[in-house]
Amino acid sequence: MLLEVEHVSHQFGGLWALRDVSLQVPEGALVAIIGPNGAGKTTLFNCIAGALRPTRGQIRFAGRRIDGLPPYKIARLGLTRTFQLTRPFHSLSVYENVLVGTLARFHSKSRAEAKAKEILQFVGLADRAQRLASQLTTADRKRLELARALATQPKLLLLDEVMSGLTPTETGSLERLVRTIRDTGVTIVLIEHVMRVVMGLAEQAFVLHHGQLIAAGPPQEIVRNRTVLEAYLGEELHLADGRAD
Amino acid sequence: MHKTRTDQQVLGTQKIPTSSIQRYIRFTLPILIGITALSVPPLFLRGYLLDVVILIVFWSFLGSAWNLLSGLAGQFSFGHAAFFGIGAYTSTVLLVRYGINPWVGMLFGAGLAALAGSLLGFLCWRYGVRGPYFALTTFAFAEVLRLFTNNWTFTNRSLGLQVPLIGGNSLLAFQFELDKRPYYWIIVAFLLMALGTTIFIERSRTGYFLRAIRDDEDAAAALGIPIMRYKIVAMAVSAALTAMGGTFYAQYMFYIDPTIVFGAHVSVDILMRPLVGGVGTPLGPVIGGILLTPLGEVARALVRTPPEFLPFADFIRGRSGLDGLLLGIILIIVILKVPQGVIGWCEYRWRQR
């Protein structure tokens, strides 16, 4: 198992955002964490990525405990996250954005530069490399976010709602990119609301509701799960365009 | 890895000019022009005008030092007077009480300021004091030091300290009472050092990391950059350079007291030039210095002896503060309308064409 979340609970003041969540992600897998808004998905990501220290529980990455470590140390171990609202370095160009990532990873400046160009080609941003990051379209920003994450040569990628705000065409294109990334050997954990993406990409889905894990399994089974359906239908519905039939 | 031409065409990365004529135009000529421009003032100016030029370079130097932390790294400091004062007091106290050479004292001051800044930065950034709260904390820090030196007998309390005159010029003693031109050369050397440091850092890995930290600290951390380490480095270098300016000031004015070196007006004066000229750009503080310093002097001269034809000449004669008022208005206009400063605005227009 590459990532092991063991009985993680997290409290914000008086509110328990996560309650006794346990899950495991094997190396090479592509899994999704889903659930209604406010279920605790991003809190879980933040705990895994080091932005938060879980109130209770342990998190292990490649056998090594990472809960409580600062985010930059976790990134250096090979676990990189992206942000739901893209956060490009706005005063830098697309190329420089990725370069920051490769410089953090490689000691040699020339290697870092070469790798940055390689990654830009890989995600399809090479022809917009000199543009300022702040001038990109939403779809391109998502690509940049991915490119920057790839710059750190991650073993595991946490993608936080990477498909949000995209047209169906853009979604399909990004889906292909995510699959290609997985094919290069990177383990991927997605938070997703767009069910079509979950069905199409994920091998396993973990469902969170009110901070608790209520179901786990292949997406096809999950969408038929009674508890899951009640969780979604009991709240504000946000199942984009992928309802199970 | 070998750069292929397709890479460069596709990515638009710049090629360094290889022909010798191109190299001459791009690098050597501007340097020659710069050297010529810098050599003019001491050849033709004396007295008050030379003082003004020295002050222009002086404030540009301090602004440049501030820029490293607050422009490049994005950690806005409102209390750089703290480091200025640490430099001024360290070298002057060591000189007056123990006879230690001011150049040596300057190094001690720079070291002490770097230490103080690093400690302050670490405490703030470790415990989540960021942005405007960090700015306020630096302001408070300078104030604390002002009150401290104002009440400490070791620093002669509110009476301040006088740099003993040795009579005449001496590079060793860092004093030039008779002929002030060496002050000019020294402060120009300081400015070039600050500019050189800024440009060197900007192009290095550290520079990229600092700009990333400035733009989005959390995203930078998520990429594996140890942000605390880099912020402290920026802080230490910025503080050390500022402290050197403090020593220079003491040796130039021959007198310091807590309010003169730790006062809030110093912090504002330091940040004004980079702010107006272009925060975060190497030349911003210089442009700001060239624009604002003479303006301040003209405003001061205007109230001292206002031209007779002005209807309110009688009203303003002898009053003080017009320079402060003017600079305050300029600051407000710049922050509201042109926050990226003169250079930022020029770059923006350049990109529009």
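Details
- Of all DSSP-defined beta bridges confined to the protein assembly as shown, some 60% are antiparallel rather than parallel.
- Placing +1 on the Cβ of every Lys and Arg and -1 on the Cβ of every Asp and Glu, with no other charges, gives the protein assembly as shown a dipole of roughly 1180 debye about its Cα centre.
- Those residues of the stretch B:200-231 whose amide nitrogen sits under 20 Å from the label point placed on A:THR184, 7 Å along Cα→Cβ: B:220, B:222-225
- Max mean-square fluctuation residue, GNM over chain B, Cα-Cα springs under 10 Å, options B:GLY245, B:GLY207, B:GLY321: B:GLY321
- Placing dummy labels 7 Å off each Cα toward the beta-carbon, the span from A:GLU230 to A:ASP127 is 5.3 nm.
- Listed residue (A:PRO168, A:ALA151, A:LEU132) projecting farthest to the positive dipole end of the stretch A:63-186, Cβ model: A:ALA151
- Residues of type aspartates and glutamates that A:LYS73 reaches as a straight line, Cα spacing below 15 Å, ignoring anything fewer than 8 places off in the same chain: B:GLU217, B:ASP218
- Cα gyration tensor category, rounded, prolate or oblate, for the stretch A:123-195 with a/c compared to 1.5: oblate
- Note on the protein assembly as shown: dipole from Cβ charges, positive end direction compared against B:ALA234, A:ILE214, B:ALA135; the farthest Cα belongs to B:ALA234.
- Interchain or long-range residues, amide H under 5 Å from A:LEU18's placed H: A:HIS10
- Distance between the modelled labels on B:LEU178 and B:LEU295, one decimal in nanometres: 3.9 nm (7 Å Cα→Cβ projection).
- In the protein assembly as shown, a dipole from Cβ-located charges (positive for Lys and Arg, negative for Asp and Glu) runs towards its positive end, and of A:VAL5, A:GLN84, A:VAL94 it is A:VAL94 whose Cα lies farthest in that direction.
- Residues whose amide H lies under 5 Å from that of A:GLY57, counting only those 5 or more places away or on a different chain, are A:SER9; hydrogens are built 1.01 Å from N in the peptide plane.
- Cleavage-rule hits, chymotrypsin sites (Phe, Trp or Tyr not before Pro), the stretch B:240-291, DSSP coil, Cβ neighbours within 10 Å at most 15: B:PHE254
- Degrees separating the helix B:181-203 axis from the principal Cα axis of chain B, which is the longest one: 30 degrees
- Simple point charges give the picture: +1 on the Cβ of Lys and Arg, -1 on the Cβ of Asp and Glu, and for the stretch B:46-274 a dipole about the Cα centre of about 240 debye.
- Simple label model, 7 Å out from Cα along Cβ direction - B:PHE312 to B:VAL96, nm: 4.0 nm
- Near A:GLU27, the amide H atoms lying under 5 Å from its own belong to A:LEU2; only residues 5 or more places off or on other chains count, and H is placed 1.01 Å from N.
- Rounded to the nearest 20 debye, the dipole size of the stretch B:178-308 about its Cα centre is 300 debye, using +1 on the Cβ of Lys and Arg and -1 on the Cβ of Asp and Glu.
- Formal net charge of residues neighbouring A:ARG128 (Cβ-Cβ distance under 10 Å; K, R +1; D, E -1): 0
- Placing a label point 7 Å from the Cα of B:PHE254 along the Cα-to-Cβ direction, the residues of the stretch B:96-123 whose backbone N falls under 17 Å from that point are B:96, B:102.
Since every read-out is calculated from the coordinates, none of them should be taken as a lab result. Note that this is a predicted model, so its numbers are computed, not measured. Heads up, the Cβs are rebuilt from the backbone with ideal geometry, glycines too, and the neighbour counts pull from every protein chain shown.
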